[in-house]
Every structure is written in C-alpha cells, then in structure tokens.
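A quick write-up on the structure given underneath.
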Amino acid sequence: MIEENLLLILVALPFAAALATSTMSPRAHDAAAWVSGLFLAAGGVVLALLHGAIGAGQVVRGQIGWVPALGLDLSFRMDGFVWLFVSLIFGIGSLVLIYARYYLSKTDPVPRFYAFLMAFTGAMVGVVLSGNILMLVVFWELTSILSFLLIGYWHQGQAARDGARMALIVTGAGGLCLLLAMILLGQIVGSHDLDRVLASGDLVRAHPLYPLVLGLFLIGCFTKSAQMPFHFWLPGAMAAPTPVSAFLHSATMVKAGVFLLVRFSPVLGQTDLWFHLVTGTGMATLVLGAFLAIFRHDLKGLLAYSTISHLGLITALAGIGSDGAILAAIFHLLNHAVFKASLFMAAGIIDHETGTRDMRRLGGLRHAMPVTASLAIVASAAMAGVPLLNGFLSKEMFFAAAADWNNGSWLDNALPYWAVLAGAFSVAYSLRFIASVFFGPVATDLPRSPHEPPALMRRPVEALVLICLLVGILPGLTLGPVLHLAAVSVLGPDLPYTDIALWHGLTLPLAMSCVALVAGVGLHALFHAAIARGPEGPPLLHRLRAQKLFERTMFLLTWTLPRLGLRLFGTERLQPQLRLIVLLALAAAAVPLWGVLAPAADPLSVPLNPAFAAMWAAGAACALGAAALAKYHRFAAVILLGGAGAVTCLTFAWLSAPDLAVTQLLVEIVTTVLLLLGLRWLPKRREEIAADRLLPARLRRARDFVIAGTVGIGLAAVAHVMMTWPLIPNVGDWFLRNAYHEGGGTNVVNVILVDFRAFDTFGEITVLAIVGITVFALLRRFRPAPESTTRTEEEAGLRDPTLAHALLVPSVIMRWMFPVLIVLAAILFFRGHDLPGGGFSAGVTVSIAILLQYLGHDLRWVEARLTVLPIRWMGVGLLIAGGTGLGAFVFGHPFLTAHARYVDLPLIGQVPAATALIFDAGVFALVLGVTVLMLIALAHQSLRIARLRERDRAAQKEREAA
C-alpha cells in the first residue's frame, strides 16, 4: 500500500509543480526555479524509496478507478525498466532546471516556461508509468501538445512557430495511429491492461490483424522518435530554447518512441515483418542522420541530426530484438541522454556567450572558454564512441548485435557494414564539432566577446560529463545491476546476467569500432574544409527533403482544398449554410433508417384527446404564423414562436415529463427575450439579399418548403414509431428501479444527470462554458453600423429599446419579481433530486430574474445596484463540479461517484442529502454564469447602439440649426 501511494505521488508531483509555477508572477524567476526544483527533488526521494521493491524484482502498481466498465482506469505500474527511465527523466530534468535559471533572459516569462516544462515532465512520466494502454496514449498526446508549447515558447519568432506547428502535426498524427493500434490491441487481447497485453505476444502475433496493428504502432513510434521519413520535424524544433532542446531531445520527447519499441518488443516483435520494418527503418535513419549531421553549420542543427542518427541506432537494436540487442538499446538510450544533454547545454553556453551558433563564424574558443571546451570535447568523444567513455561501450554492444546472425536475410547480412559506415560518420561530425568550435584561428567577428559562463550554469554539464567518464571506466559498478534489472523487466526473469566491462579481448565488435574511428578521422581530414564552405547537405538531398513534401502537403490541406471548398459551398449568408446543415442531417438519418424504420406489428394506441388536439392545433398555427410573418414583422414572429414553444412545454407536461416541461419553459423564456434583444441588430430584409442567385424567390421558397416538410415528416415518423412500440425491458427500467437505492433520489431524470451519467453532464457544462465564452468574445468584437441600427429598430417596431421593453411590463413589477424568482430558483434547486427541478433549472431561473432587471431598467441603473461576475460564476461552477468528482478519489471510488444518506438536523429531523447536490450546485453556477455573460454582452451592445443613435440625432439637430 505504501508503494502504491508513492507511485501515485510520483505521477502527481510534476503536475503539482506546473500548477504552482503557473500562478506565479512573470517576474518570479528564482521562485519558479526553486519550486520546480523542489518538486523534482521530491520525485527523486520517491524513486529512492521505491528502489527497494524494484530491486527485489517486484512490479509496483497503483490504480485510480475511472471508467471500469470500459477498461479506462488510471493505472500505473513500475518495474526495473520504468524505474530507470523515470530516474533519467527526473535526473536530466533537475539539471535542465539549474541550467535554464541562467540561460533564460530576465525579460522572458520564466514561470510560464517552468510551468510548461513541469507539465511536460508529468506527461512523460505518465507515458512511462501507464499501466493502461489507452491512458498511455492520452499521456502520449499530452506530450505532443506540451512540446508544441515549449518549442514555440519564443513565439515571436517565425522559426519557433513553424517548428512547433510541424512537431505538433507530425507527432499528433502519429499519436492518432498509435491510438488505433492500442484499441485494436485491446480488442485482440480482451483487455487494455498493459500486463495482460505484454503477456499475450503469441496471441497477438497469430491474429489476422497483426500487420495492421504493427503498422499503426510503428507509425506512432517513428513519428515521435523522428525516424525516416518523419525525421524532418526534429531539426525544426531547434528553434526552441536550448534547455528545451536539452530535455526533449535527450531524455524525454524523442525517447518516448524508442521506449515503446523496447517495451512492446516481446508482444509485437520476434517476427520477420518486425525485423525488416523496425531494423530497416532504424538503420536507414542511423546512416542518413549521421551523414546529414556532417554538413550542418548550426551547432544545434548538427546535434539534431546526430540525435536522429542515434535514435535510429536504438530503433535498429529494438528491431533485432535479441537479448543482447535489447540490453544494448537500453544502455545506449541512457548513454545518449547523458552525453547529448551535456552537448546541447554546451552549445547553449556557446550561443549565450558568443551570440552565434554558426560554426563557420566560431573558432579557437578553447582559449577564451577552456573549461567549456574541455567538457564539450569529452561529451563529443562520448558521442563518437571513443574508448573510456560511455558511448564507446553501448556502441560496441550495437556492433556486436549487428554482427550476430539473426535470420540470414539481405538486411541481416548488411547490418555490420551499415553499422561501421554510420559509426564513421558519427566520428566525422563529432570531430567537426570539436575542430570548428574550439580549434583553428580565433574568431574575431563574434557578436559578443566570448568568456566562461556563470559557474552554476556550467555545473549541469560537468555532472553529465562526469557520468560519461564514470560509466565508461567503471560500467559494471555504476550501471551493471540497474541495466540488468531493466533488461529483465523487458525480456523476463530467465535472462542471464551480462557483464558490462571495458575490455572483452580482441573481438569483432572492437575491430569494427577501430575501423569506424579511423575511417571517421580520415573522412574529417579529407572533407572538413570543403564541408565548412559548402551548403548544408548535397544538392540532391535538398531536392528530396521530406520537409518540402510536408510543407506542400500542408499548403494543399490548409490553402488549396479549403479555397476550393469555399468556392463550391461557401457563402456569407445564413440561409444556404442552414440548408446545407439540414440536408446533411437528413441524409445522416435517412441512410441508417431507410428500410429499417417500421411501425410495430401490434403498436400501442391511445385515444386522441380533443383538448390535446386543440392544443397542438394552436401550436401549429403559431408556427405557421411565425413563418408567414418572419418576412414582414420579426417582432410578431418571435412572439408566435414563443407560443409554439409554450405548446411544446405543455406537451411535455401532458406526456408525464415534468422535468422537460420545466426546462423547456425556462429556456423558452430566456431564448425569446434574447431574441428580442438581438432583433435591432438584424439587417433589413430586402429581396435582393434574401433571394437565391440562381432561383427566383417563389421557387426558392418552394424548395425550402419541401426540405422543411421532409425533415418534419421524417422526425414525426421516428417519434411515432418510438412512442407506439410496445414497452420492453431496457436500461430505463434499471434506472427506475435503482434511482432511489443507488442515487438517493426519486426524480429519476435528475439522478441520471448528476449521478449515473454525471460524467456526461460534466462534459456538457464544459462545452457550455466554452460556447458562452465564444459568444461573449464574438459579441465584444461585433460593431453594428449606426445607420443600420435605426432602420432595423424601425422595422422591428422598437423605436427606443428601453421604453419598448418597459411598455411590455412595468419596471416596478420587474423589480418585485426579482426576490420571487430567487425563491423559486432555490425551491427548484433543493427539490431537484426528488421532484422536477435541479441545478440547470435553478440557474436559468436566476438568469431570468437578472434578465428582467435589464429589460425594465437602464443598463447603468442595473449595474449600479446589481453586481454579477459571470466569468467567476462559470469558473467556480466548473471547479465545484470537478472537485466533487475528484473528491471520490479520496475514498477510493471512481471519478464522480456519488454518496447519498439521511442527515439529522436539529428541529427538523432526518433530511435526505447526497453529494450529487454539490455537483448540481456547480451546474447551477455555470449555467447562471454563461447565461448572464451573454446577456451582459447584449446589454452593453444595446447601450452602445443607443449612444450612437443619440450622437447621430444630436449631429442631425446641429445640422438643422445651422
């Protein structure tokens, strides 16, 4: 139980740090760094406490119930492989925090940077720790979104915006493929639990859908880890601040794909298809990335392509899939994170202290920056695979795995040669990094005079370089047990212990390493001068760049096709848009129901009540009258529409649906009044505006009549079939039986909304909040022309908005109605769990009370006496509703689980109470906020129109007097 709680705390720590830093002042640079660092340090302590159980071979699990019926639980698991990866995330993350404190400018919004970085850390930890493959994809996509924010942190630059957009599109699209793969995988296995999936390799590989699952899975992994042909987004992400590059491209973002390849290799691997796709892609990426890195002139560009190359190396090892290859993949994954993070930080120091990253302008920095030069040289040597450094050991293990016999295919036979070629390229670009920056003539035209950075800015680089040395010299003592534990977690407990030592004798892998080192030095000596003066890559590769194909595809999708669609279907007029929407809805309903919708053989029949028929005749007359008068008198049309709505409300009450009747009545009132407020803004209806370009007015009206009649008849037919079909046991019967016992209420509709289907309601009120804010934003931008205002009011019959509404109901009566409606809202709210009512109805009722004040009084008079802060009401409503759901976690229940019981109150006795009432309070607050927000926006626009009219009248009087 202790380990389970520690695991949940570990997941929550980075998100808590993000929340804490996001609330800080933009100038609180040091505080944001300290808070983030303390949370990561706490994560390190948790990892240390969990090491005992992990070292004993246990798999620590923690779970929070979410939607158990769908297999959606917040399930987390940690084994040796995950422990090593999370330690890497927290370790590199802590060093990046220290580095960023001195790298970022005082003018940057640093707390926002730390908030993004901590949230990204939490998402990455969620990917690694997820014990549910669907929740893994949720965290996976969260890393794409947060990396977009981090890459585009300096959003004022075009390169940052383009790089962030490209990274989001490529990795986000890959995430959708991964989601489909995980859904299919869950269907094949019969569970979304990661442990069951990992234990079902034979079942998955034998399934007919295995090739499809494998293809979708690999697209997701290859896009995230920048494998060919999706590698082009990674160099564009170099526009991010260097701390972001050091973190995302060494220990986190790009490592997520190779982490999944290693994690799922026992399930999807061990087939020829896996070997050829994964190893072939990895080797091609390894060679191409290393080759292109040689030609880059930008320091971070060179490191970006080297990252692509090393990710290809790890991918190739995962594709080989042997015990030695998986161990080498895990080892190189760790080594690459260490030396690449140090190199990115060193590149950032050079850029920070000299003002440029262009290697053609740099040179001789070993004189001005001797310590930084020494650190960067050691880290570059580790990247090149020089002996006595960590990169040499894992690269030698890669050579050993490549030289081993796997399946005798052409790819298998070519692996050793590809590996040596890529190793030579790696040495060449590492030597170019060292020689161009730290040796040669001293640069004299730099933007800044080079010097050593602050000591604490260099400490993270020193710590990482020290790890490179310690692991390279003493691999067995430093990482041997941890690597074995990680490999056992992936390959099984029968894996024999592999002694990772510096010297294994004169072996083929050692010979391959020596050949790669010598060949790389020779390549650099022969072509260094030409490469330094030439373009960034051969001309042929410039013409075949995947980035150009991506840009052309995006241009086609975002410019060419939308303009074609706009030309074919686009219009600024409302009627054609509504016509298209209605026709699409009609087709969407007709296709599945055609030939299926039929009345029951023995339908239920109820005698027609004359009163009901008369009521419907009145409603139909109102609807037809509204359609007829809409062209001539919109005010009358709105009133008649209100009559049709009232008949609908009475219909609900007649058919024993009082909750619907109450809601319909209240919404009808608000809608009618809001329409009245908006009438004055509508343009004057002229035949040349309303008429279709192609059809005369009479044919257009006939066409619209046919469409409307078809839709109405179809809807009536569906309703008739559903209401006359004999009653059979369904889910509604279960709700009727269990509403009181399970939800503590006798109003089944309200219990469903706030208890059984509360998650749906939470999603709906969230959407309602978004809609309210969107409408408010549109109304704030809306600026009606003064001359059209007068014409529209005259057409609507509203000469003066305040007087016109006051004539309907005296302002005194509206003022008296306010306390009455507040009491009515309280009654509807508190009785909602047992009788018709609820939070939605109560919120709309209070909105009507406020609305009446705006109708009967001047805007300034109302706001001087009644202060409403709708944005805060909306925020508080969402917090209450969400907090109610999260409160269930405290007691170990799924999200939004409700509890009902009787409470003894003094002088009253037992009173029914349920936590669903608190959730309903959130619904009430949000509905009130949204409605009043739109109301206030309309009222302020009305005041602006009145002022414009007064100004026009005053100007007219001055002209007449003159």
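So which residues in the stretch 211-224 are out of contact with any helix residue (DSSP H, G or I) (no Cβ under 6 Å at 6 or more places or on another chain) and either surrounded by fewer than 20 Cβ atoms within 10 Å (Cβ to Cβ) or small (Gly, Ala, Ser) (or both)? Within the stretch 211-224, PRO211, LEU212, GLY215 qualify. Residue-level analysis places HIS207 outside the set of residues that are crowded, with 19+ Cβ neighbours inside 10 Å and in a loop (DSSP other than H, G, I, E, B). In the stretch 90-131, the residue that is surrounded by the fewest Cβ atoms within 10 Å (Cβ to Cβ) out of those that are modelled with pLDDT under 90 and polar (S, T, N, Q) is THR107. Only one of the numbered conditions (1) on the phi > 0 side of the Ramachandran plot; (2) crowded, with 23+ Cβ neighbours inside 10 Å is violated by GLY408, and that is (2). Looking across the stretch 134-154, the residues that are out of contact with any Ser or Thr (no Cβ under 9 Å at 6 or more places or on another chain) and under 27 Å from ASP195 (Cα atoms) come down to LEU134, LEU142. Of all residues in the stretch 619-635, those satisfying the criterion of being surrounded by fewer than 14 Cβ atoms within 10 Å (Cβ to Cβ) and of a type in the set (Gly, Ala, Ser) are ALA620, ALA628. Taken together, TRP83, TRP140 contain a single residue that is outside the structural domain of VAL488 (by TED's automatic domain parsing), surrounded by fewer than 24 Cβ atoms within 10 Å (Cβ to Cβ) and among the aromatic types (Phe, Trp, Tyr), which is TRP83. Within the stretch 553-600, the residues that satisfy the criterion of being over 30 Å from MET723 (Cα atoms) and not in a helix (DSSP H, G or I) are GLY570, THR571, GLU572, ARG573.
Each row is one residue, and each column tells you yes or no for (1) surrounded by 11 or more Cβ atoms within 10 Å (Cβ to Cβ); (2) farther than 25 Å from GLY837 by Cα; (3) at pLDDT 80 or above; (4) in contact with a His (Cβ under 7 Å, 6 or more places away or on another chain).
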{"site": "LEU694", "(1), (2), (3), (4)": "no, yes, no, no"}
{"site": "GLY712", "(1), (2), (3), (4)": "yes, yes, yes, no"}
{"site": "ALA716", "(1), (2), (3), (4)": "no, yes, yes, no"}
{"site": "TYR740", "(1), (2), (3), (4)": "yes, no, yes, no"}
{"site": "ASN750", "(1), (2), (3), (4)": "yes, no, yes, yes"}
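Scoring ALA56 on the criteria (1) surrounded by fewer than 23 Cβ atoms within 10 Å (Cβ to Cβ); (2) among the aliphatic types (A, V, I, L, M); (3) more than 28 Å from VAL262 (Cβ to Cβ) leaves a single failure, condition (3). Only one entry in ALA618, ALA661, ALA626 is among the aliphatic types (A, V, I, L, M), touching a residue at least 40 places away in the same chain (Cβ under 8 Å), outside the structural domain of LEU753 (by TED's automatic domain parsing) and not in a loop (DSSP other than H, G, I, E, B), namely ALA661.
Rundown of residues vs (1) of a type in the set (Lys, Arg); (2) in contact with a Pro (Cβ under 7 Å, 6 or more places away or on another chain); (3) within 16 Å of THR315 (Cα to Cα); (4) without any contact (Cβ under 8 Å) to a residue 24 or more places away in the chain, yes/no style:
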site: GLY363; (1), (2), (3), (4): no, yes, no, no
site: ALA379; (1), (2), (3), (4): no, no, no, no
site: PHE392; (1), (2), (3), (4): no, no, no, no
site: ALA402; (1), (2), (3), (4): no, yes, yes, no
site: GLY423; (1), (2), (3), (4): no, no, yes, no
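Of the residues making up the stretch 145-158, those that are in contact (Cβ under 8 Å) with a residue 60 or more places away in the chain and in a helix (DSSP H, G or I) are SER147, LEU150, ILE151. Just a yes or no: is a residue in the stretch 940-955 surrounded by fewer than 20 Cβ atoms within 10 Å (Cβ to Cβ), more than 30 Å from LEU855 (Cβ to Cβ) and free of Cβ contacts under 8 Å to residues at least 24 places away in the same chain? Within the stretch 940-955, none of the residues are surrounded by fewer than 20 Cβ atoms within 10 Å (Cβ to Cβ), more than 30 Å from LEU855 (Cβ to Cβ) and free of Cβ contacts under 8 Å to residues at least 24 places away in the same chain.
For residues that are under 38 Å from the mean Cα position of the chain (by Cα) and buried (at least 20 other Cβ atoms within 10 Å of the Cβ), scanning just the stretch 670-681, find the one that is modelled with the lowest pLDDT. Filtering first and then ranking leaves LEU677. Residues in the stretch 505-523 that are in contact (Cβ under 8 Å) with a residue 12 or more places away in the chain and either part of a loop (DSSP other than H, G, I, E, B) or touching an Asp or Glu at 6+ places or on another chain (Cβ under 7 Å) (or both): THR507, PRO509, LEU510, SER513. Looking across the stretch 551-583, the residues that are under 30 Å from PHE705 (Cβ atoms), of a type in the set (A, V, I, L, M) and surrounded by 11 or more Cβ atoms within 10 Å (Cβ to Cβ) come down to LEU578, LEU580, VAL582, LEU583. Count of the stretch 177-209 residues, restricted to those that are over 18 Å from ARG77 (Cβ atoms) and without any contact (Cβ under 8 Å) to a residue 24 or more places away in the chain, is 7.
The residues listed here are ALA428, ALA373; of these, the one that is within 18 Å of HIS524 (Cα to Cα), assigned by TED's automatic domain parsing to the domain that holds LEU474 and in contact with a helix residue (DSSP H, G or I) (Cβ under 7 Å, 6 or more places away or on another chain) is ALA428. With the structure loaded, tell me whether ALA888 is out of contact with any helix residue (DSSP H, G or I) (no Cβ under 8 Å at 6 or more places or on another chain), assigned to a helix (DSSP H, G or I) and either at pLDDT 85 or above or not basic (Lys, Arg) (or both) or whether it fails that test. Against the criterion (out of contact with any helix residue (DSSP H, G or I) (no Cβ under 8 Å at 6 or more places or on another chain), assigned to a helix (DSSP H, G or I) and either at pLDDT 85 or above or not basic (Lys, Arg) (or both)), ALA888 qualifies.
Which residue is surrounded by the most Cβ atoms within 10 Å (Cβ to Cβ), if the candidates are limited to the stretch 1-46 and must be outside any helix (DSSP H, G or I) and among the small types (Gly, Ala, Ser)? Spell out the reasoning first.
Our first condition is that a residue be outside any helix (DSSP H, G or I); within the stretch 1-46, this holds for 1, 23-28.
Next, only the ones that are among the small types (Gly, Ala, Ser) stay: 25, 28.
On the way: SER25: 10, ALA28: 16.
Residue satisfying both the conditions and the ranking: ALA28.
Residues in the stretch 84-103 that are within 26 Å of the chain's Cα centre (by Cα), farther than 13 Å from LEU464 by Cβ and in contact (Cβ under 8 Å) with a residue 60 or more places away in the chain: PHE85, VAL86, ILE89, LEU97, ALA100. Of the helices (runs of 4 or more DSSP H) that lie entirely inside the stretch 785-882, those containing 1 or more residues that are at pLDDT 70 or above and surrounded by 16 or more Cβ atoms within 10 Å (Cβ to Cβ) span 811-831, 839-856, 859-865.
Listed here are the residues, each with its yes/no results for (1) surrounded by fewer than 17 Cβ atoms within 10 Å (Cβ to Cβ); (2) modelled with pLDDT of 80 or more; (3) in the same structural domain as ALA400 (by TED's automatic domain parsing).
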position	(1), (2), (3)
LEU466	yes, yes, yes
LEU474	yes, yes, yes
SER489	no, yes, yes
ILE500	no, yes, yes
ARG545	yes, no, no
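State all residues of the stretch 584-600 that are touching a residue at least 12 places away in the same chain (Cβ under 8 Å), surrounded by fewer than 12 Cβ atoms within 10 Å (Cβ to Cβ) and hydrophobic (A, V, I, L, M, F, W, C); if no residue qualifies, say none.
The first filter runs over the stretch 584-600 and keeps only residues touching a residue at least 12 places away in the same chain (Cβ under 8 Å), leaving 585-586, 589-590, 593, 597-600.
Still in the list and also surrounded by fewer than 12 Cβ atoms within 10 Å (Cβ to Cβ): 598-600.
Hits for the stretch 584-600 are ALA598, ALA600.
The values are calculated or read from the model by the stated rules, or taken from the named source; none is laboratory data. Since this is a predicted model, take the numbers as computed values, not measurements. Heads up, the Cβs are rebuilt from the backbone with ideal geometry, glycines too, and the neighbour counts pull from every protein chain shown.
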